[in-house]
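Written below as structure tokens is the structure these notes are about.
The values are calculated or read from the model by the stated rules, or taken from the named source; none is laboratory data. This one's a predicted model, so the numbers in the text were calculated from it and none came from an experiment. Neighbour counts run over all protein chains shown; Cβ positions are idealised from the backbone, glycine included. Side chains are part of the model used for accessible areas, which takes the heavy atoms of the whole protein and leaves out ligands, DNA and RNA. Shrake-Rupley method; radii C 1.70, N 1.55, O 1.52, S 1.80 Å.
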Amino acid sequence: MPLSSSPAPPREGAVAPSPWAEAASSAALRHYRSLPKKGKPQGRESTVLAAFLLSTPQDPHSPTVLSLGTGTKCLGASRLSVRGDLVHDAHAEVIARRALLRLVCSEIGRGASAEWLVASGDDGRWRLRDGHCLHLYITQLPCGVMPVPPSESELPSEQLDGGVNGCSDIGFVQRKPGRGDTTLSMSCFDKITRWSVVGIQGALLSHILEPLYLTTITIGQLPDEGFSIENNIEKVIDARLSSLSSRLPASFKLSKPKFFEAPVPPKEFQQISGDVPPLTCGYSICWNKSGLHEVVLGTTGRKQGTSSKAACLPSTESLLCKRRLVEAFMSLEHPSLTKFQYGELSYRAIKDEAHEYQHTLELLRKAPFLSCWRAKPASLDSFAVLSRGYQRTPGN
């Protein structure tokens, strides 16, 4: 019998969700239900759903789903690829963000102003249209949420033990859990903290796009616990960023999203411990408004159905892997990309050329509560990228 996507009953004593939380969660869940069952949980399986949404001045309370992702898996350190051909982190929030980045490339690639993006200024960098806002919905707390850290004066020199929500602790930043094989992926909450400073667009798109910040993050209520999402997570974000230098490059800012608590999500999005161990779905659904619709197997980082014999073929690569994302980026026509037209390039070198973005990221990583952030090995980003005009045409 298929799992129901109807909202679960509210927990006893829960505060009624705000109209915005209802609207955001309803839009995301409605769109998820409209997708085929391929990649969705079966039987006792559960997953996490994340969706990026857009609100407009014309209809601020009826958001549109721009991209969507599901998933709970990521690859261990021993399985990471130096070729950029695997999706290393298939958690829902990461999948939904990468699907959004492909949507941005599609919108900019069309040349004309999009519904929600516009080119402006002397350098022609794109930005979010005035009055338009980006939002994130997640069916449960992002992995890595920790208690409010102490003040800077109370920060212990040794690492704090006792990380919560399934992540191994390394101070005030955490890596995602892995069974037997340590992962190198930072927790989703750490990544959300980063987005509040450098934006969700990443280093590549920072060459041609002003930072994109989230206005709200709406999270599904926990069915059996009294944790207050709206009060607690905003305090954690505030504390994490409290000591960050205000002298950020002109394009960047501290943009703390407003948090909302949505209704308890349907059962396929509830990972509840009990007498019967919970089962998590190994697949990640990837969707965006420009036509992307894939299913990735989170334990291999390739598209669903990839055989062992085809495991290294380009046809099995997800459009969300680093190599395919940088191809989509390099195919764009923009004055800021002419410097990448010739010569041998690496993925890392292209990202490093986004100087303001990298400087802002370095300031973030030097903040007291985030100074334990560990960069991945440089070899993972050192793969070669063909110059503009020579790369294969990316699909979408």
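Could you give me the residue pairs with C-beta distances under 6 Å whose first residue belongs to segment 254-267 and is over 13 Å from HIS135 (Cβ atoms), whose second residue is in a strand (DSSP E or B) and open to solvent by less than 10 Å² (accessible area, probe 1.4 Å) wherever it lies, and which are 6+ apart or on separate chains?
Sorted first by the residue in segment 254-267, then by its partner, the pairs are PRO265/GLY220.
Part of a loop (DSSP other than H, G, I, E, B), over 30 Å from LYS73 (Cβ atoms) and modelled with pLDDT under 90: does that describe ASP130?
No.
Only one of GLU327, GLU333 is outside any helix (DSSP H, G or I) and of a type in the set (Asp, Glu); which?
GLU333
Being closer than 19 Å to VAL264 by Cα and out of contact with any Pro (no Cβ under 8 Å at 6 or more places or on another chain) is the filter here, so list the residues in segment 35-60 that pass it.
LYS40, PRO41, GLU45, VAL48, ALA50, ALA51, PHE52
Could you list, ordered by first residue, the pairs with Cβ atoms under 9 Å in which the first is in segment 278-296 and over 21 Å from ARG324 (Cβ atoms) and the second is of a type in the set (Asp, Glu) and open to solvent by less than 40 Å² (accessible area, probe 1.4 Å), at least 6 apart or interchain?
Once the first residue is over 21 Å from ARG324 (Cβ atoms) and sits in segment 278-296, its partners that are of a type in the set (Asp, Glu) and open to solvent by less than 40 Å² (accessible area, probe 1.4 Å) give CYS281/GLU268.
Output the residue which, of all residues in segment 58-100 that are in a loop (DSSP other than H, G, I, E, B) and of a type in the set (Asp, Glu), is modelled with the lowest pLDDT.
Filtering segment 58-100 for residues in a loop (DSSP other than H, G, I, E, B) gives 58-63, 71, 75, 80-88.
Filter again for of a type in the set (Asp, Glu), leaving 59, 85.
On the way: ASP59: 91, ASP85: 96.
Among those residues, the one meeting the criterion is ASP59.
Within segment 275-289, how many residues are open to solvent by less than 50 Å² (accessible area, probe 1.4 Å) and over 12 Å from VAL87 (Cβ atoms)? Break it down into steps so the answer makes sense when it comes.
Step one: filter segment 275-289 for residues open to solvent by less than 50 Å² (accessible area, probe 1.4 Å), giving 280-282, 284-288.
Narrowing further to those that are over 12 Å from VAL87 (Cβ atoms): 280-282, 285, 287-288.
Qualifying residue count, segment 275-289: 6.
Would you kindly identify the helices (runs of 4 or more DSSP H) lying entirely within segment 167-283 that contain at least 2 residues that are modelled with pLDDT of 85 or more and more than 28 Å from SER25 (Cβ to Cβ)? I'd like the intermediate steps shown before the answer.
Working: elements: 188-198, 202-205, 229-241.
Hits in segment 167-283: 202-205.
Evaluate segment 297-313: report whether one residue or more is closer than 24 Å to ALA23 by Cα, surrounded by fewer than 17 Cβ atoms within 10 Å (Cβ to Cβ) and either at pLDDT 90 or above or under 23 Å from the mean Cα position of the chain (by Cα) (or both).
Taking every residue of segment 297-313 in turn, none turns out to be closer than 24 Å to ALA23 by Cα, surrounded by fewer than 17 Cβ atoms within 10 Å (Cβ to Cβ) and either at pLDDT 90 or above or under 23 Å from the mean Cα position of the chain (by Cα) (or both).
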